[in-house]
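The values are calculated or read from the model by the stated rules, or taken from the named source; none is laboratory data. Everything quoted here is computed from the prediction, not taken from an experiment. All Cβ positions, glycine included, derive from the backbone under ideal geometry; neighbour counts span all protein chains shown.
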Amino acid sequence: MTNQNLDILVKTGQLQSAPFEEIEALRILSLAHIRLLDSEVREVSKDSRFTFAYNAAHSAALAALRWHGYRCENKLMVFQCLGETLAWPASKWKVFDSAHQKKNLADEGYLEIEETTIEELTNFTATLIKDVEKLLKTP
């Protein structure tokens, strides 16, 4: 399934067109589930839990992008494409945009991750996973 707006991103080199492979999308979504579960393990650091939740969100968003027949190496772009791949309004996908910025700062030692940030991210990621599951069940 192609999308006019995503095709424009292919033309500009921000996405790559790639045939959809159901087994690949399901494998990526399975990783999202595992990473989300890992983010809920309280015995690991908040930074690690945040990273697990972030990676779960990225995997789920990537599975949606793959369902539509596209690939992308840029994690932020994968999140930004949720407006097209899942018809998410900006108010929803920008939570992941914010998480991306926080992850970059945290990776450089400039940000301490708060528990509320992890909770918000895990909640939005769980919603994202559910929406991607619905998408993958669509014929």
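A quick yes/no check of all residues on (1) modelled with pLDDT of 90 or more; (2) part of a helix (DSSP H, G or I); (3) within 13 Å of the chain's Cα centre (by Cα); (4) more than 20 Å from Phe20 (Cβ to Cβ):
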site	(1), (2), (3), (4)
Tyr54	yes, yes, yes, yes
Ala57	yes, yes, yes, yes
Ala64	yes, yes, yes, no
Ala99	yes, yes, yes, yes
Asn104	no, yes, no, yes
Tyr110	no, no, no, yes
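Just to verify a result, which residue in the range 40-71, among those that are among the hydroxyl-bearing types (Ser, Thr, Tyr) and free of Cβ contacts under 8 Å to residues at least 12 places away in the same chain, is nearest to Val132 (Cα to Cα)? It would help to see each step written out before you state the result.
Restricting attention to the range 40-71, the residues satisfying the condition of being among the hydroxyl-bearing types (Ser, Thr, Tyr) are 45, 48, 51, 54, 59, 70.
If we keep only those that are free of Cβ contacts under 8 Å to residues at least 12 places away in the same chain too, we end up with 45, 48.
Numbers: Ser45: 28, Ser48: 24 Å.
Here the residue is Ser48.
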For residues that are touching a Leu at 6+ places or on another chain (Cβ under 6 Å) and assigned to a helix (DSSP H, G or I), scanning just the range 67-91, find the one that is surrounded by the fewest Cβ atoms within 10 Å (Cβ to Cβ). Glu84
Only one of (1) in contact (Cβ under 8 Å) with a residue 60 or more places away in the chain; (2) closer than 20 Å to Asn5 by Cα; (3) touching a helix residue (DSSP H, G or I) at 6+ places or on another chain (Cβ under 6 Å) is not met by Asn74, so which one is it? (3)
I'm told Gly83 meets every condition in (1) out of contact with any helix residue (DSSP H, G or I) (no Cβ under 7 Å at 6 or more places or on another chain); (2) of a type outside the set (Asp, Glu); (3) more than 20 Å from Leu36 (Cβ to Cβ) except one. Can you identify the failing condition by its number? (1)
List every residue pair whose Cβ atoms lie under 9 Å apart, where the two residues are 6 or more positions apart in sequence or sit on different chains, the first residue falls within the range 6-22 and is free of Cβ contacts under 8 Å to residues at least 12 places away in the same chain, and the second residue, located anywhere, is aromatic (Phe, Trp, Tyr) and not in a loop (DSSP other than H, G, I, E, B). Asp7/Tyr70
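Going by what's in this entry, would Glu115 be described as more than 26 Å from Ile23 (Cβ to Cβ), surrounded by fewer than 19 Cβ atoms within 10 Å (Cβ to Cβ), among the charged types (D, E, K, R) and touching a residue at least 60 places away in the same chain (Cβ under 8 Å)?
Values: more than 26 Å from Ile23 (Cβ to Cβ): yes; surrounded by fewer than 19 Cβ atoms within 10 Å (Cβ to Cβ): yes; among the charged types (D, E, K, R): yes; touching a residue at least 60 places away in the same chain (Cβ under 8 Å): yes.
So Glu115 fits the description; yes.
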For the range 10-50, give me each residue that is part of a helix (DSSP H, G or I), surrounded by 20 or more Cβ atoms within 10 Å (Cβ to Cβ) and of a type outside the set (Gly, Ala, Ser). Ile28, Leu29, Arg35, Leu36, Arg49, Phe50
